[in-house]
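Here the structure comes first, spelled out in structure tokens, and everything after it is commentary.
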């Protein structure tokens, strides 16, 4: 391919600039086998404080197929694993994550006596499991330095081949792709989003290999439409046995569950 001015563009350069190129190949490993994959939502968060090394260790011990975790940058630039913008709910004290340096966050005691981990520590605690890294953003195009920082950690620890990166923010996904184009992307959305923005076409345009819809959106018809466009479908967040069975019957590729061991038991009964 030749750009204006006669410069040659190789396929790799095109794929890096245009996330939709190669998206199906990047996400092949996300497809289901005999049953949907069970992703431990913030680790085995039904049994240990969410997004902690203890929760990730339990996810491994309980047989989860993968772990989902949330990341953001703190004031000193480290990528920390935390869901909320502030410490109120899990530490019972004020303080925004983005305003505190790692030297202070590392000393914060969470519910149950746990600590906030960095992304590299969380990846190590997950062993060989697949990991879904969700980029937290304050709004579309407002992820700041996070995508580049996450890409740097993934490269440094050699986790590029077992990670899928998701976000509600398409701009954050695009920036992550520019840095590590081999990593599959997943487009997150909830029921309140306008229908055109949660369509298969929108996800494909973002360059996603998977969609992560709120589970109430996962009707058999919608799941079939997403999968027909080469998208893996992972539904969040489900622990109810009846709903797990319905999602499996609808054809989803994976489910996010707070109690992965219980979810696995339900899905094993269905495939027995």
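Derivation of every value follows stated rules applied to the coordinates shown; laboratory data play no part. Model, not experiment: these values are computed from the prediction. Virtual Cβ from ideal backbone geometry, glycine too; neighbours counted across all protein chains shown.
How many nm separate the modelled label positions at residue 96 and residue 161, each set 7 Å beyond the Cα in the direction of the Cβ?
Those two pseudo-labels are separated by 4.1 nm.
Cut-off is 10 Å between beta-carbons; in what order do 259, 240 appear when sorted fewest neighbours first?
On the way: 259 20, 240 13.
Fewest-to-most Cβ neighbours within 10 Å comes out as 240, 259.
Report the gain in length on full extension from residue 201 to residue 221: 0.36 nm times residue separation, minus Cα-Cα distance, nm rounded to one decimal.
On the way: separation 20, 0.36 × 20 = 7.20 nm, distance 1.52 nm.
Difference between extended and current length: 5.7 nm.
Based solely on its DSSP helices, what 222 nm [θ] is calculated for the chain when runs of n ≥ 4 H residues each add -39,500 (n - 2.57) and the sum is averaged over all residues, nearest 500 deg cm²/dmol? List each step's numbers first, then the result.
Numbers: 12 runs with 95 residues, N = 272.
Helices in the chain give a 222 nm mean residue ellipticity of -9500 deg cm²/dmol.
Quick one: give the max-minus-min coordinate of the C-alpha atoms of region 1-142 along each principal axis, largest first, in Å.
60, 42, 24
Given axes a ≥ b ≥ c from the Cα gyration tensor, I'd like to know whether region 15-271 is rounded (a/c under 1.5), prolate (a/b larger than b/c) or oblate. Please list the in-between numbers first.
Working: a/c = 1.68, a/b = 1.20, b/c = 1.40.
Oblate shape, in that a/c is at least 1.5 and b/c is the bigger or equal ratio.
Suppose the chain between residue 109 and residue 178 were pulled fully straight at 0.36 nm per residue; how much longer would it get relative to their current alpha carbon spacing?
Details: separation 69, 0.36 × 69 = 24.84 nm, distance 3.57 nm.
Full extension from residue 109 to residue 178 adds 21.3 nm.
For region 87-155, report the % of Cα-Cα distances exceeding 16 Å.
On the way: 1397 of 2346 pairs.
Distances greater than 16 Å cover 60 percent of the Cα pairs.
Of 83, 215, how do they rank once you tally other Cβ atoms within 10 Å and put the fewest first? It would help to have the intermediate numbers written out before the result.
Values: 83 17, 215 20.
Starting with the residue having the fewest Cβ neighbours, the order is 83, 215.
Of the candidates 113, 139, 27, which one comes out as most mobile in a Gaussian network treatment of the chain with C-alpha springs shorter than 10 Å?
Of the options given, 113 has the highest mean-square fluctuation.
In what order do 175, 270 fall by count of nearby beta-carbon atoms within 10 Å, going from fewest to most? Kindly include the intermediate steps, with their values, before the conclusion.
Working: 175 21, 270 14.
Sorted ascending by nearby Cβ count, the order is 270, 175.
How much of the DSSP beta bridge set in the chain is antiparallel, as a percent to the nearest 5? It would help to have the intermediate numbers written out before the result.
Values: 6 of 35 bridges.
In the chain, DSSP labels about 15 percent of beta bridges as antiparallel.
So in region 1-156, what percent of DSSP beta bridges are antiparallel if you round to the nearest 5?
Numbers: 6 of 15 bridges.
About 40 percent, rounded to the nearest 5.
With every atom except the alpha carbons ignored, what do you get for Rg and Dmax of region 110-211, in angstroms?
For region 110-211, the Cα radius of gyration and maximum Cα-Cα distance read 14.3, 45 Å.
Please give, to one decimal in nm, the separation of the simple spin-label points placed at residue 84 and residue 31, each 7 Å out from Cα toward the Cβ.
Those two pseudo-labels are separated by 4.1 nm.
Between residue 61 and residue 246, with labels modelled 7 Å along Cα→Cβ, what's the label distance in nm to one decimal, could you check?
Using points 7 Å along Cα→Cβ, the separation is 3.3 nm.
Using 0.36 nm times the number of residues separating residue 229 and residue 138, minus their current alpha carbon distance, what extension gain do you get? Display every interim value, and only then the final one.
Numbers: separation 91, 0.36 × 91 = 32.76 nm, distance 2.91 nm.
Gain in length upon complete extension: 29.8 nm.
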